[in-house]
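Asker: Here it is: the structure, laid out below.
The values are calculated or read from the model by the stated rules, or taken from the named source; none is laboratory data. As the structure is a computational prediction, the values presented were derived from the model and not from experiment. No Cβ is skipped: glycine too gets one built from the backbone with ideal geometry, and neighbour counts run over all protein chains shown.
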Amino acid sequence: MRWKIFVGFCVALLSALSVQPAGAADVTKTTAEFGPEGVWASACNVDRMTDSKTCRLMTYRLFEEGQEVGFVALSVIPTGTDYHLFLTASQGLIESCAIRVDRQPRIETHIATINMCMFPNFMSGRVLDQFRNGSTVLVRVNLRGGKQDIDFGLNGFSRNFEEMQRMLQ
């Protein structure tokens, strides 16, 4: 039962990023829509208000901290001529986030709020090249009470990013 409530919470939070119409959380739909944990997946929808296509590329990881289950999700979302990378977490007020692809220098952002950080200029800032050529990305979520580190595999990222770009045309 606790798992279904948690998944419903994840769906509500992640659907805010995907710009989908509001609706009830359906656990079966969640598995089909977001796929298995740790797998990159792209999806596009037509925005009902603007009739424009909105897309995202995302993956998520679950973790246990004590008796609670949490999540961290990475989403790449087109914005004008570039893309932004969003890191969404279940922990609450985030002070900053950092990413590190393989052994590359870390990239930190202080563009943070409740449950989310944003890394702007994903393509023009050359982070896209690191994601395409790397094998893992370590993310760090800095909270007032500590930090959470999660590893994500980059296998399948390039293929799904290209698919998302095709769907946008």
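Asker: Could you check how many residues of region 11-59 are at pLDDT 50 or above and surrounded by 13 or more Cβ atoms within 10 Å (Cβ to Cβ)?
Answerer: 18
Matching residues to (1) in a loop (DSSP other than H, G, I, E, B); (2) closer than 15 Å to D149 by Cα:
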{"site": "P36", "(1), (2)": "yes, no"}
{"site": "S42", "(1), (2)": "no, no"}
{"site": "N45", "(1), (2)": "no, no"}
{"site": "T50", "(1), (2)": "yes, no"}
{"site": "C55", "(1), (2)": "no, no"}
{"site": "F71", "(1), (2)": "no, yes"}
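Asker: Residues of region 60-103 being surrounded by fewer than 22 Cβ atoms within 10 Å (Cβ to Cβ), touching a residue at least 60 places away in the same chain (Cβ under 8 Å) and more than 25 Å from R166 (Cα to Cα), which ones?
Answerer: Correct list: R61, F63, E65, V69, G70, F71, S90.
Asker: Need the failing condition index for S158 against (1) surrounded by 13 or more Cβ atoms within 10 Å (Cβ to Cβ); (2) touching a residue at least 40 places away in the same chain (Cβ under 8 Å), just the number.
Answerer: Of the numbered conditions (1) surrounded by 13 or more Cβ atoms within 10 Å (Cβ to Cβ); (2) touching a residue at least 40 places away in the same chain (Cβ under 8 Å), the odd one out for S158 is (2).
Asker: Has region 84-91 got any residue that is of a type in the set (F, W, Y), modelled with pLDDT under 95 and within 19 Å of S42 (Cα to Cα)?
Answerer: No, because not a single residue in region 84-91 is of a type in the set (F, W, Y), modelled with pLDDT under 95 and within 19 Å of S42 (Cα to Cα).
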